[in-house]
């Protein structure tokens, strides 16, 4: 038996992402997570996938990590190649992909020279994360000696 990653092929994936806001408070995140989970529970293709898996349990199909993947609309299943072929035939709106390792993407070598001096404009990202304000409030960490 192999692992398969299953998710709806439809634009539901894109629509689910639009439900999320940028608020990062714990209360906002809990509400957003609940909203996205409810969205997937109502999605017709996701419901078909769940029904198919429930019906196929007696054939040895095993759903894995259900609670951890519901927010993404993804289902991870352990099943035979024959069951995966049957699922592809019976659920044409589901994307059924065998889980397999993929090669790492090798980074491109930089063609720019290293700077010997850093200008204030190079540190734009520190202002963007409000580092000066954090340091005024006692944040002392630097990246010195980090690896």
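Computed from the coordinates by the stated procedures, all read-outs in this text should not be read as laboratory data. Treat the numbers as computed from the prediction; the structure is a model and nothing was measured. Heads up, the Cβs are rebuilt from the backbone with ideal geometry, glycines too, and the neighbour counts pull from every protein chain shown.
Looking at segment 53-92, which of the residues that are assigned to a strand (DSSP E or B) and under 28 Å from residue 33 (Cα atoms) is farthest from the chain's Cα centre (by Cα)? Among those residues, the one meeting the criterion is 62.
With the structure loaded, tell me whether residue 37 is without any contact (Cβ under 8 Å) to a residue 60 or more places away in the chain and either at negative phi or in a helix (DSSP H, G or I) (or both) or whether it fails that test. Even if it seems obvious, please write down each step before you answer.
Working: without any contact (Cβ under 8 Å) to a residue 60 or more places away in the chain: yes; either at negative phi or in a helix (DSSP H, G or I) (or both): yes.
Yes; evaluated as a whole, the condition is true for this residue.
It is to be established whether one or more residues within segment 121-130 are under 30 Å from residue 1 (Cα atoms) and surrounded by 10 or more Cβ atoms within 10 Å (Cβ to Cβ). No.
Exactly one residue out of 42, 50, 66, 106 is without any contact (Cβ under 8 Å) to a residue 40 or more places away in the chain, crowded, with 16+ Cβ neighbours inside 10 Å and out of contact with any helix residue (DSSP H, G or I) (no Cβ under 8 Å at 6 or more places or on another chain): that is 50.
Restricting segment 77-94 to residues that are in contact with a strand residue (DSSP E or B) (Cβ under 6 Å, 6 or more places away or on another chain) and surrounded by fewer than 17 Cβ atoms within 10 Å (Cβ to Cβ) leaves a set whose member that is farthest from residue 5 (Cα to Cα) is 88.
Could you please let me know if residue 97 is in contact with a strand residue (DSSP E or B) (Cβ under 6 Å, 6 or more places away or on another chain) and surrounded by 10 or more Cβ atoms within 10 Å (Cβ to Cβ)?
yes
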